[in-house]
1. Which lysines does Lys22 reach when only Cα atoms under 20 Å apart count, and residues fewer than 8 places away in its own chain are ignored?
2. Binning at 5 Å from 0, report for region 59-170 what percent of all alpha-carbon pair distances ends up in each bin.
3. So for region 137-238, averaging the separation of alpha carbon pairs under 8 Å that are six or more residues apart and normalising by length, what relative contact order in percent results?
4. Starting from the 7 Å offset along Cα-to-Cβ, what nm value, one decimal, do you get for the label separation of Asp166 and His180?
5. Binning at 5 angstrom from zero up to the longest distance, how are the C-alpha pair distances of region 1-117 distributed in percent?
6. By how many nm would the segment from Arg209 to Asp118 lengthen if fully extended, with 0.36 nm per residue of separation less the alpha-carbon distance?
7. How large are Rg and Dmax for the chain when only the alpha carbon atoms are used, in Å?
8. Taking amide H atoms as placed 1.01 Å from N in the peptide plane, list the residues 5 or more away in sequence, or in a different chain, whose amide H sits under 5 Å from that of Val196.
Amino acid sequence: MRLDQRANDQLRPIDIIMDYQKHAGGSCLIACGNTRVICAANVEEGVPPFLEGKGQGWVTAEYGMLPGSTPGRKRRDGLKQDGRGVEIQRLIGRSLRTVVDMQALGAYTVRVDCDVLDADGGTRTASITGAWCALHALFAKMVARGQLSAIPLKGQLAAVSCGLVDQEPRLDLCYQEDSHAQADVNIVMTSEPAIVEIQGTGEQRAFSRTELQELLNLAEKGIQELFVQQRRAVEEKV
């Protein structure tokens with residue numbers, strides 16, 4: 001049995017609270033078990049220099065872990081950003097861009113901030129899942145203000161972790177499972193369904209193609225459930 005008595009193909013409890021931040025363009029608090037992340041999307045006019053005159057927008061992301069998010073104080077980033085954080089925020093940004101119609105967005109830059117309140121495994125995947133909800137909320141407000149004619153999203157986006165723990169494929173690992181997993185995989189998918197990115201590492205041993213397929217099947221099942229939670233959150237908000 002798992003530490004929290006879940007089945008191997010079962011997600012941790014998911015809760016998405018929309019409009020969590022008063023002043024953000026669109027925001028949510030997403031909780032995946034004991035992992036909690038605030039996701040906030042804001043928009044500004046104009047685009048980066050490499051996109052000027054091309055009639056399209058840009059979406060980017062930033063990620064950070066607050067000092068009290070882990071056992072022992074997590075130091076804030078200084079002038080030199082934490083390498084892990086930079087890698088994760090790049091993952092979030094490029095994942096979001098796969099589901100945004102940049103032409104329909106027009107000459108706007110959207111920045112999505114993902115700040116981890118509590119870390120218990122899966123902070124990057126929770127950030128991606130919550131960031132989509134924050135983005136949807138922002139776009140809905142832009143439509144209401146007349147800045148956009150329609151929400152420029154081509155579909156949903158969500159992510160989940162899975163891995164081999166005690167030689168068994170398991171979905172949505174908490175920190176204790178992740179820290180002694182034989183293999184650790186993060187999967188990002190759209191609602192087509194299509195895979196955006198797979199990040200997989202053999203931590204204690206190499207893993208086979210058959211085991212990878214088992215993990216992908218688990219991830220797709222979990223992500224389909226996350227899509228349901230996302231739709232429920234944004235529809236209740238509307």
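The values are calculated or read from the model by the stated rules, or taken from the named source; none is laboratory data. Here the structure is a predicted model, which means the values were calculated and not measured. As a convention, Cβ positions derive from the backbone with ideal geometry for all residues, glycine included, and neighbour counts pool all protein chains shown. The accessibility values were calculated without ligands, DNA or RNA, using every heavy atom of the protein model including side chains. Shrake-Rupley method; radii C 1.70, N 1.55, O 1.52, S 1.80 Å.
1. Within the straight-line limit of under 20 Å, Lys22 reaches these lysines: Lys141, Lys237.
2. Bin by bin from 0 Å, the calculated values are 2, 11, 19, 20, 16, 13, 10, 6, 2, 1, 0.
3. Reported relative contact order: 25 percent.
4. Result: 1.0 nm between the two label points.
5. For region 1-117, the pair-distance distribution reads 2, 10, 15, 18, 19, 16, 10, 6, 3, 1, 0, 0.
6. My answer for the length gained is 29.4 nm.
7. Rg and Dmax of the chain, Cα atoms, are 17.7, 57 Å.
8. Distant-sequence amide H within range of Val196: Val188, Met189, Thr190.
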